[in-house]
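Okay, so here's the structure we're looking at.
The values are calculated or read from the model by the stated rules, or taken from the named source; none is laboratory data. All values derive from a computational prediction rather than experimental measurement. Cβ: placed from backbone, ideal geometry, glycine included. Neighbour counts: every protein chain shown. Ligands, DNA and RNA are excluded from the accessible area calculation, which covers all protein heavy atoms including side chains. Shrake-Rupley method; radii C 1.70, N 1.55, O 1.52, S 1.80 Å.
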Amino acid sequence: MLKQITFIIATFTSILSLTAQSKNIHLNSLGFLTDFEKTAIISKPSETFHILNTDGEVVFTGETTGPTYQKDIDQKVWNVNFSKLNTPGQYILEVDGVGKTTPFTIASDAFNFAAKTSIRGFYLWRCGAEVKGTFKGRNYYQNICHLEDGYEDYIGNKGGKRDGTGGWHDAGDYGKYTVNAAITVGMLFMAWDHFRSKIEKLDLEIPRSNSNLPAFLEEIKWETDWVLKMQYPDGSGRVSHKLTRVNFSPFIMPDKDHEKRYFTQWSSAATADFVAMMAMAARYFQPYDPIYAQQCLDAAWLSYKFLRNNPEDKGFVQGDFQTGGYQTTDSDDRLWAAAEMWETTGDIVALKDFEKRAKELDFKVEENWDWGNVSNLGMFTYVLSSRKGKTAKVQKSIIRNTIESADKLVEIADSDVYDRTLGETYFWGCNGAVARQSINLQVANRLKPKEDYTTTSIGILDHLFGKNYYNRSYVTGLGKNPPMHPHDRRSGADAIKEPWPGYLVGGGHSATDWVDDQESYSHNEIAINWQAALVYALAGFIE
């Protein structure tokens, strides 16, 4: 009996020790792809590591390298590399004197479930529809909401109302914003363009209303249907900047939000973004629904002609509104609009419009970009286009700058112990920016294939799913110790402990200040523009 008690105490002590020690092993908790790099970081002195199968047998042994000190996190770390292990299966990483991980996967489809879950996040964000889904045995449900969208008081028709239903809720709030919708839709269409054969392999389990459309495009159409409604009904081509309440709702479910929601005044950035979205929609929906594609193209032409006739930058003024401003100048938006109009139609005026604007920017490709600067979307559409008529110098310059931006990201990631492509730069939503940088890398890889671009793209996913200072996944419901308290009204208002799944949270404002706190919207909100970047990053590695 004494031996049994002693064994139980020893086992319990071992479990406690393992739990504490494994916090010092930082790795992608989704797992690893069979034929690509597999690394981990150890934040405790270490020399030897072993990879064990689930039977406890050692299948790989290696030596750590390091230590390496990184100032922003004030850590000294050691590196583990077991990339030579390519046999699919379940494994455990054991580091002498440190501890063991929980089992992880090596498989060609290691990222598939995360990709599917992140895409389904958009379905779960739908406005104006009943939404339901099951995840890990938990049933998430949202009743039909915001069917009164929206009122026209702020666009000169006091008390008037027209249909503004549909689309996705923007973030942790229930507003709908044209500018943020644009970068989101742009990235999702780009994911489809670059990785269609991979995305089509996934069973997204999204309710279907149009059997002709692939499920991924049908989900994007839920948003573009709403975007079409943001164009002024007067035939001018102007586009409302957003459709929201005047202030944010409390933490209630969306069907309990009964405050009036308004179409706001137009902005030239929103109008240009509308053009880009509708031109892309016309292009990608054409093979499946030519009537809808033409509707999108007609709307794009109307707004593009308005922009051509009205070259001034017309900003958005919040006025009575306290919801998201998304205020931005329009030069990058107009550049992107021109690129998409040319790519869809071959229009020579749009081509010259783009090339002139690209030259004014010195053909720059941004390494760190978001809704406030969408010029990369235009640059990438142009440089990857197979259309004839491009100016050779423009093409050559954008290729050079795309490659240089990707090489810089590789350099930054290589110098960061946790593979972070933003290095020591932190801000509201920086996790989304890190995910978005995978677009730079993948576009560069299309132009000039290089193993470093793929490795760094995988490193981005490693970082977001656990190979980071916190040793945690940044995506709700996925990976090790994921966020439990995102700034998301549904997650805060329903009766389920676990948050709605598959969403990337924003991240810290410094290397060590991220908090998993619902109240901290600047650290822990979710947003469609970050989510689309995550979808793109994962889509490149669907198998």
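I need the full set of residues from the range 423-469 which are β-branched (V, I, T) and within 15 Å of the chain's Cα centre (by Cα), in order please. The answer is V434, I439, I458, I460. Figure legend. Inter-residue proximity from the range 140-158: first residues more than 30 Å from I496 (Cα to Cα) and of a type in the set (G, A, S), second residues open to solvent by less than 80 Å² (accessible area, probe 1.4 Å) and part of a strand (DSSP E or B), beta-carbon distance below 6 Å, spacing 6+ or different chains. Indicated pairs: G150/L243; G150/Y262; G150/F263. Any residue at all in the range 326-344 that is more than 27 Å from the chain's Cα centre (by Cα), open to solvent by less than 70 Å² (accessible area, probe 1.4 Å) and either at pLDDT 95 or above or small (G, A, S) (or both)? The answer is no, given that none of the residues of the range 326-344 is more than 27 Å from the chain's Cα centre (by Cα), open to solvent by less than 70 Å² (accessible area, probe 1.4 Å) and either at pLDDT 95 or above or small (G, A, S) (or both).
Within the range 27-35, not a single residue is surrounded by 14 or more Cβ atoms within 10 Å (Cβ to Cβ), over 30 Å from T425 (Cβ atoms), small (G, A, S) and in contact (Cβ under 8 Å) with a residue 40 or more places away in the chain. Do the conditions hold for I206, that is, is it under 22 Å from the mean Cα position of the chain (by Cα) and in a helix (DSSP H, G or I)? When the stated conditions are applied, I206 does not pass them.
Selection within the range 36-47: residues that are out of contact with any Phe, Trp or Tyr (no Cβ under 7 Å at 6 or more places or on another chain) and among the small types (G, A, S). The member of this set that is least open to solvent (accessible area, probe 1.4 Å) is A40. The set of residues in the range 506-537 being of a type in the set (A, V, I, L, M) and either in contact with a Cys (Cβ under 6 Å, 6 or more places away or on another chain) or under 24 Å from K71 (Cα atoms) (or both) consists of A511, V515. Taking each residue of the range 388-409 that is assigned to a helix (DSSP H, G or I) and looking for partners that are of a type in the set (F, W, Y) with beta-carbon atoms closer than 6 Å, six or more apart or interchain, yields S397/F363; I398/F363; N401/F363; A406/Y453. Of all the numbered requirements in (1) open to solvent by 50 Å² or more (accessible area, probe 1.4 Å); (2) in contact with a Cys (Cβ under 7 Å, 6 or more places away or on another chain), Q286 misses one, and that requirement is (2).
Of all residues in the range 533-540, none satisfies being farther than 25 Å from A107 by Cβ, aromatic (F, W, Y) and either in contact (Cβ under 8 Å) with a residue 60 or more places away in the chain or surrounded by fewer than 24 Cβ atoms within 10 Å (Cβ to Cβ) (or both). Among the residues of the range 172-182, is there at least one that is surrounded by fewer than 24 Cβ atoms within 10 Å (Cβ to Cβ) and either under 23 Å from N112 (Cβ atoms) or out of contact with any helix residue (DSSP H, G or I) (no Cβ under 7 Å at 6 or more places or on another chain) (or both)? Scanning the range 172-182, I find at least one residue that is surrounded by fewer than 24 Cβ atoms within 10 Å (Cβ to Cβ) and either under 23 Å from N112 (Cβ atoms) or out of contact with any helix residue (DSSP H, G or I) (no Cβ under 7 Å at 6 or more places or on another chain) (or both), so the answer is yes.
Taking first residues from the range 277-291 that are in contact (Cβ under 8 Å) with a residue 24 or more places away in the chain and partners that are among the small types (G, A, S), the Cβ contacts under 6 Å between residues at least 6 apart in sequence or on separate chains come to M277/A182; M278/A299; M278/A300; A279/A300; A282/A293; F285/A293.
The set of residues in the range 223-258 that are within 17 Å of F285 (Cβ to Cβ) and surrounded by fewer than 23 Cβ atoms within 10 Å (Cβ to Cβ) comprises D225, L228, K229. Taking first residues from the range 238-252 that are of a type in the set (V, I, T) and partners that are assigned to a loop (DSSP other than H, G, I, E, B) and open to solvent by 30 Å² or more (accessible area, probe 1.4 Å), the Cβ contacts under 7 Å between residues at least 6 apart in sequence or on separate chains come to V246/D320; V246/Q322. Filtering the range 345-363 to residues that are part of a loop (DSSP other than H, G, I, E, B) and surrounded by 14 or more Cβ atoms within 10 Å (Cβ to Cβ) leaves D347, L361, F363. Residue count for the range 130-165 under the criterion of being assigned to a loop (DSSP other than H, G, I, E, B), closer than 19 Å to K256 by Cα, open to solvent by 10 Å² or more (accessible area, probe 1.4 Å) and in contact with a strand residue (DSSP E or B) (Cβ under 8 Å, 6 or more places away or on another chain): the result is 2. Return the only residue of G372, G429, G389 being surrounded by fewer than 19 Cβ atoms within 10 Å (Cβ to Cβ) and in contact with a Gly (Cβ under 8 Å, 6 or more places away or on another chain). Just a single option satisfies the conditions, and that option is G389. Inclusion of T455 among residues that are of a type in the set (V, I, T), at pLDDT 95 or above, outside any helix (DSSP H, G or I) and open to solvent by 10 Å² or more (accessible area, probe 1.4 Å) is not warranted. The residues on offer are P449, P499, P483, and the sole one that is open to solvent by less than 10 Å² (accessible area, probe 1.4 Å) and either touching a residue at least 40 places away in the same chain (Cβ under 8 Å) or more than 25 Å from A171 (Cα to Cα) (or both) is P483.
Summed over the range 392-406, residues that are farther than 14 Å from K448 by Cα and open to solvent by 60 Å² or more (accessible area, probe 1.4 Å) total 2. Among the residues of the range 502-522, the ones that are among the aromatic types (F, W, Y) and open to solvent by 20 Å² or more (accessible area, probe 1.4 Å) come to 1 in all.
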